[in-house]
Amino acid sequence: MNAIPERRADVNFYDVEAIRRDFPILSRTVHGKPLVFLDSAASAQKPQAVIDAVTSCYAEEYANIHRGVYFLSQLATEKFEGARKKVQRFLNAGEVREIVFTRSATEAINLVAASYGRKFLKRGDEVLLSEIEHHSNIVPWQMLRDEIGIELKVAPVDERGALRMDRFRALLTERTKLVAVTQMSNALGTVLPVVEMARLAHEAGARVLIDGCQAVPHMPVDVRAIDADFYVFSGHKLYGPSGIGVLYGKAELLEAMPPYQGGGDMIVSVSFEKSDYAPIPHKFEAGTPHIAGAIGLGAAIDYVTAIGLHRISNHEHALTTYATERLMGIDGVTLVGTAPGKGSILSFTVEGVHPHDVGTILDHHGIAVRAGHHCAQPVMDRFQVPATVRASLGMYNTEGEVDALAAALRKVREIFA
Amino acid sequence: MSELRDLYQEVILDHAKRPRNFGRPERFDHEAHGHNPLCGDKVDIFVILGEGGTVEDVRFEGRGCAISMASASLMTELLKGKTETEARTLFEHFHEMVTHEAGGDALPDAAPDDLERLEVLAGVRQFPMRVKCATLPWHTFNAALASERADGVTTE
């Protein structure tokens, strides 16, 4: 972390080796080989700054928040609310009370479906999704459909995995009340034009929820520039702890929504006749939250912003271009998802070899990749593959690691020749 | 890397590429569908029973990883002519083999030749995530035997 001020000085400077030294796990070996971690889209590794923040929370500054009059409780509350402030600045949200801490991005979407959806959507209203959503942005809406009779519409992607904007426009009608889409596909890497999609949605009178899980680690995000009504992301993909997620919602929407769960911390007063709910965001934060998780997420935000999301993005784009060339040079390897401007995810198949066999062989070369449907089965159906191998690149990955992947894939081809 | 060679031996790759007894038979007595949702392996098992409930024929269809396909292929070769009890015993031995370093001693005896042939899959025990790939066809075979006789299909 000490090196960061110097890193900040030159906009083009990106010392990936110095960054790697900040992540202790990257120095370990797996099956006797140096770890090559290419699964950050599932969950990213943690820098020492995050590990230290969590440790320090428990070792030096821990008590329950929003309760005690004593020093430690006040300190923990300050740290927790300080993390909320960091999230606000990170997303460029207008107000800190627009940031709700959740257990995960999944819980954030479920919160919106259960609270906003039940109150403001009615039978026959349409929710418009894209074909490349993660299950977490499909299933909550199906549950709501089954409960209150909304209808789900799905905007398709083309053969490269890019959204069919013509189809999106056509599906956007006066019946559309909510557009719920990912900013970046976890299975393909496709980046959706969310600014334009939100503008079109608002013109049609629909609200907009953006799933930013894959976007926030890879690009600067400004919820006001997008004009998102809701924006969700998870801590663990942003190099922070798991078990902590974020819901951003426009204040007037959050205020109009009923609570999601009832309990302590979300009320002002309780009697057996009636309870008065706390103001936002606390209305949505029943129960003792993941205090250390939020503080760890704050440290992760400090870490990536000190290095610079623009610089991380540039590094990952260059690496993605390099990896695409290397993989396409291997006989029998086919990339699934080649949308222009896509993020640092390479989904691919190896001819004649099931992705799980590829994953096992790569693992024995120390290379961690995801093999499967990536919680996006509709994407697999669209491209008519049962599963893919997915290599996802993070801020700490290198060309050397891509070379190791390419070499191991040639071994896969040899074994199955 | 020796563990990897243990897993992807020639025999397994051969069975995976050229599965034996592959394809849906015209008639069968029992069938079951097996699915491993995590990795997408799918297998359908078709069983034809002969006199006294012995397995006259067993065939399969499916798609999946090399381990699941090779396991299904080997299984169909070994189960032909077995009684239901012999088939279950063989699965118990196989299950022990792919989950424990040494085991199966407490089980009823199985034909040593059969166990020897199944030994090629013993390497999966080094890969806990892959054990279910190897056992999926066997579980599906058991489910087929436990199922009602397939509708409208008879060997009589």
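The values are calculated or read from the model by the stated rules, or taken from the named source; none is laboratory data. These figures come from a predicted structure and were not determined experimentally. Cβ coordinates were reconstructed from backbone atoms using ideal geometry, including for glycine residues, and neighbour counts include every protein chain displayed.
Quick rundown of the values:
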| quantity | calculated |
| --- | --- |
| Single condition B:Leu38 does not satisfy, out of (1) farther than 30 Å from A:His135 by Cα; (2) in a loop (DSSP other than H, G, I, E, B) | (1) |
| Which listed residue, of A:Thr338, A:Thr388, A:Thr334, is within 12 Å of another protein chain (Cβ to nearest Cβ), hydroxyl-bearing (Ser, Thr, Tyr) and either over 19 Å from the mean Cα position of the chain (by Cα) or over 19 Å from B:Leu7 (Cα atoms) (or both) | A:Thr388 |
| Single residue of A:Ala299, A:Ala278, A:Ala323 found to be modelled with pLDDT of 95 or more and within 27 Å of A:Arg89 (Cβ to Cβ) | A:Ala299 |
| Listing of strands (runs of 3 or more DSSP E) fully contained in segment A:108-227 that carry 3 or more residues being touching a helix residue (DSSP H, G or I) at 6+ places or on another chain (Cβ under 6 Å) and at pLDDT 95 or above | A:151-155, A:207-211 |
| Of all residues in segment B:81-116 being in contact with a His (Cβ under 9 Å, 6 or more places away or on another chain) and in a helix (DSSP H, G or I), the one that is modelled with the highest pLDDT | B:Phe91 |
| Strands (runs of 3 or more DSSP E) lying entirely in segment A:339-417 (those with 2 or more residues that are touching a residue at least 60 places away in the same chain (Cβ under 8 Å) and of a type in the set (Val, Ile, Thr)) | A:345-350 |
| Some residue of segment B:64-76 being buried (at least 20 other Cβ atoms within 10 Å of the Cβ), in contact (Cβ under 8 Å) with a residue 40 or more places away in the chain, away from chain A (no Cβ under 14 Å) and not polar (S, T, N, Q) | yes |
| Those residues of segment A:52-74 which are in a helix (DSSP H, G or I), surrounded by fewer than 17 Cβ atoms within 10 Å (Cβ to Cβ) and of a type outside the set (Ser, Thr, Tyr), in sequence order | A:Asp52, A:Ala59, A:Glu60, A:Phe71, A:Leu72, A:Gln74 |
| Breaking point among (1) without any contact (Cβ under 8 Å) to a residue 40 or more places away in the chain; (2) closer than 18 Å to B:Ala134 by Cβ; (3) more than 11 Å from chain A (Cβ to nearest Cβ); (4) small (Gly, Ala, Ser), for B:Ala106 | (2) |
| Residue in segment A:91-102 that is part of a loop (DSSP other than H, G, I, E, B), surrounded by fewer than 18 Cβ atoms within 10 Å (Cβ to Cβ) and over 17 Å from the mean Cα position of the chain (by Cα) present | yes |
| Close pairs from segment B:1-15: first more than 10 Å from every other protein chain (Cβ to nearest Cβ), partner assigned to a helix (DSSP H, G or I) and modelled with pLDDT under 90, Cβ under 6 Å, at least 6 apart | B:Asp6/B:Gly123 |
| Residue count, segment B:109-137 (criterion: within 12 Å of chain A (Cβ to nearest Cβ) and charged (D, E, K, R)) | 2 |
| Condition check for A:Val379: closer than 25 Å to A:Leu129 by Cα and surrounded by fewer than 23 Cβ atoms within 10 Å (Cβ to Cβ) | no |
| Extreme residue, farthest from B:Ala87 (Cα to Cα), among residues of segment B:16-51 that are more than 14 Å from chain A (Cβ to nearest Cβ) and among the charged types (D, E, K, R) | B:Glu26 |
| Neighbours by Cβ (under 8 Å, 6+ apart or cross-chain): first from segment A:264-279, without any contact (Cβ under 8 Å) to a residue 60 or more places away in the chain and closer than 19 Å to A:Val100 by Cβ; second exposed (fewer than 14 other Cβ atoms within 10 Å of the Cβ) and of a type in the set (Asp, Glu) | A:Ile267/A:Asp276; A:Val268/A:Asp276 |
